[in-house]
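Have a look at the structure below, then the notes.
The values are calculated or read from the model by the stated rules, or taken from the named source; none is laboratory data. Keep in mind it's a predicted model, so treat the numbers as computed, not measured. Cβ placement follows ideal geometry from the backbone for every residue including glycine, while neighbour counts extend to all protein chains displayed.
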Amino acid sequence: MQRFTVSALAFTLFQFSLGANMALAADATAPVKVIMDATVSNWAGGDSDWQDIFGDDKLKDVYSKDFGAKYQAAAQFPAADEDGISPFDYDVIVNAQDACPLQDVTIIAQPPKNNVTEVLASFKKSTCMGSDADYQKTTTVRFEVIEEGGRSVVDDILTNDDNGNPSSLKSVMQDLVKQQQQQPADQQQQSTDPQKPANPQ
């Protein structure tokens, strides 16, 4: 009887742990859904306003503090885009400057590992550009979701380049800041280079 009680207790604890992990995985999709809903709307066409997935409200509620700090640092060096405030001149989710209305969008959370839940967002982004196989390919974006302040937030976004190599958005932002911070030194070096004498009048 005691052995049965212990076994039942162990099974109950296993169910509780499994349920907790499943709940965590389910919660992990919430911030990703906010980002993907905005991205789907942005490429849907029509007269809807463009939604900034890095707006102040989303930086506060959807992303981790570390991600937000890295974005704000990179935003000090805006790209040459229309609004002049984003460090990117392309959509970081579709990983391109142009896309079709997104098709076959799915959002699936993987089992948590080391306090990080990877959420996979998959979609087709080029179906309106032609019927070739390349235009029908599925793109997958990986979101690394952590728990911070009792809620799930996105800590990094990983995409693949045309060669299939993974790219971390946090690393991209860090590299951007480093490159921009080096520019003043380069410009200073140029200013100290000997200047050609002006042509005599």
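Can we say Thr106 is closer than 20 Å to Lys33 by Cα and surrounded by 14 or more Cβ atoms within 10 Å (Cβ to Cβ)?
Working: closer than 20 Å to Lys33 by Cα: yes; surrounded by 14 or more Cβ atoms within 10 Å (Cβ to Cβ): no.
Considered against the rule, which asks whether it is closer than 20 Å to Lys33 by Cα and surrounded by 14 or more Cβ atoms within 10 Å (Cβ to Cβ), Thr106 comes out as no.
Of the residues Gln76, Gln51, only one is of a type in the set (S, T, N, Q), touching a residue at least 40 places away in the same chain (Cβ under 8 Å) and farther than 26 Å from Asn165 by Cβ; which?
Step by step, each of Gln76, Gln51 is checked, and only Gln76 is of a type in the set (S, T, N, Q), touching a residue at least 40 places away in the same chain (Cβ under 8 Å) and farther than 26 Å from Asn165 by Cβ.
Among the residues of region 36-70, write down those that are part of a helix (DSSP H, G or I), closer than 21 Å to Thr127 by Cβ and either touching a Pro at 6+ places or on another chain (Cβ under 9 Å) or not charged (D, E, K, R) (or both).
The first filter runs over region 36-70 and keeps only residues part of a helix (DSSP H, G or I), leaving 36-42, 56-61, 65-70.
From what's left, closer than 21 Å to Thr127 by Cβ: 36-42.
Residues satisfying the conditions are Met36, Ala38, Thr39, Val40, Ser41, Asn42.
Results for (1) closer than 24 Å to Tyr135 by Cβ; (2) modelled with pLDDT of 95 or more, shown as yes or no for each residue.
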residue	(1), (2)
Lys33	no, yes
Thr39	yes, yes
Gly68	no, yes
Asp83	no, no
Leu102	yes, yes
Ile108	yes, yes
Ala121	yes, yes
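If you scan region 152-179, which residues turn out to be of a type in the set (A, V, I, L, M, F, W, C), buried (at least 19 other Cβ atoms within 10 Å of the Cβ) and touching a helix residue (DSSP H, G or I) at 6+ places or on another chain (Cβ under 7 Å)?
Let us first name the residues in region 152-179 that are of a type in the set (A, V, I, L, M, F, W, C), namely 153-154, 157-158, 169, 172-173, 176-177.
Checking the rest, the ones that are also buried (at least 19 other Cβ atoms within 10 Å of the Cβ) come to 153-154, 157, 169, 173, 176.
If the condition is that a residue be of a type in the set (A, V, I, L, M, F, W, C), buried (at least 19 other Cβ atoms within 10 Å of the Cβ) and touching a helix residue (DSSP H, G or I) at 6+ places or on another chain (Cβ under 7 Å), then Val153, Val154, Ile157, Met173, Leu176 are the ones that fit.
Collect the residues in region 130-154 that are free of Cβ contacts under 8 Å to residues at least 24 places away in the same chain and over 21 Å from Asp61 (Cβ atoms), keeping them in residue-number order. Talk me through it step by step, then tell me what you get.
To start, the set of residues in region 130-154 that are free of Cβ contacts under 8 Å to residues at least 24 places away in the same chain comprises 130-137, 140, 149-150.
Across region 130-154, the qualifying residues are Gly130, Ser131, Asp132, Ala133, Asp134, Tyr135, Gln136, Lys137, Thr140.
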